[in-house]
Amino acid sequence: RLQRLVESQATLGADGYSIGDLFGDVHRAVWGELKAGKAIDPYRRNLQRGHLERLKYLMTEELPPIPAEFARFVTVTGVTVAQSDIRAFARGELEDIKREAAAAAGTSTDRATRLHLRDVVARVDMILDPEE
């Protein structure tokens, strides 16, 4: 899907739905509590951890090839994560999440939320710098 967005942006330019548009929409949907200063319930915390896992995958793995049975329906351009904007957007998203989570953890009065946000910061650090 991300490959399709890369191709769409290359073809349609500013009229296409870009990777930046997608990352922004997902960020607002998944991490909205950070700016709102609300407590984060267990289901949302799980969703947020799942989002971090997907971003980790984008930072460390290549996208799988399109299955042969579907390849005839699409133009394969050979977009790779490491050579596209995908990894740059994933890194930027992780940095934004870390900054917002650290700020929200400092102001949250809900213990579970505060601990979750501290954990989010630690997880992002491990994703961005796995050597530490």
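Every residue in segment 5-19 that is in contact (Cβ under 8 Å) with a residue 12 or more places away in the chain and exposed (fewer than 15 other Cβ atoms within 10 Å of the Cβ), please.
Kept after step one, since they are in contact (Cβ under 8 Å) with a residue 12 or more places away in the chain, are these residues of segment 5-19: 5-7, 17-19.
Listed by number, the list holds a single entry, TYR17.
For (1) more than 21 Å from VAL26 (Cα to Cα); (2) of a type in the set (D, E, K, R); (3) at pLDDT 90 or above, each residue gets a yes or a no:
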| site | (1), (2), (3) |
| --- | --- |
| TYR57 | no, no, yes |
| GLY78 | yes, no, no |
| ALA90 | no, no, yes |
| LEU94 | no, no, yes |
| ALA101 | no, no, yes |
| ARG114 | yes, yes, yes |
| LEU117 | no, no, yes |
| ARG123 | no, yes, yes |
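If you take the residues in segment 1-36 that are farther than 18 Å from ASP119 by Cβ and either assigned to a loop (DSSP other than H, G, I, E, B) or of a type in the set (Val, Ile, Thr) (or both), which one is modelled with the highest pLDDT? Show your work before the answer.
First, pick out the residues of segment 1-36 that are farther than 18 Å from ASP119 by Cβ: 1-29, 32, 35-36.
Cutting the leftovers down to either assigned to a loop (DSSP other than H, G, I, E, B) or of a type in the set (Val, Ile, Thr) (or both) gives us 1, 6, 11, 16-19, 26.
Details: ARG1: 70, VAL6: 72, THR11: 76, GLY16: 78, TYR17: 83, SER18: 82, ILE19: 85, VAL26: 96.
Ranking the candidates gives VAL26 first.
The values are calculated or read from the model by the stated rules, or taken from the named source; none is laboratory data. The shown structure was predicted, so the numbers you read here are calculated from the model rather than taken from an experiment. Here the Cβ is made from the backbone with ideal geometry for all residues, glycine too, and neighbour counts use every protein chain on show.
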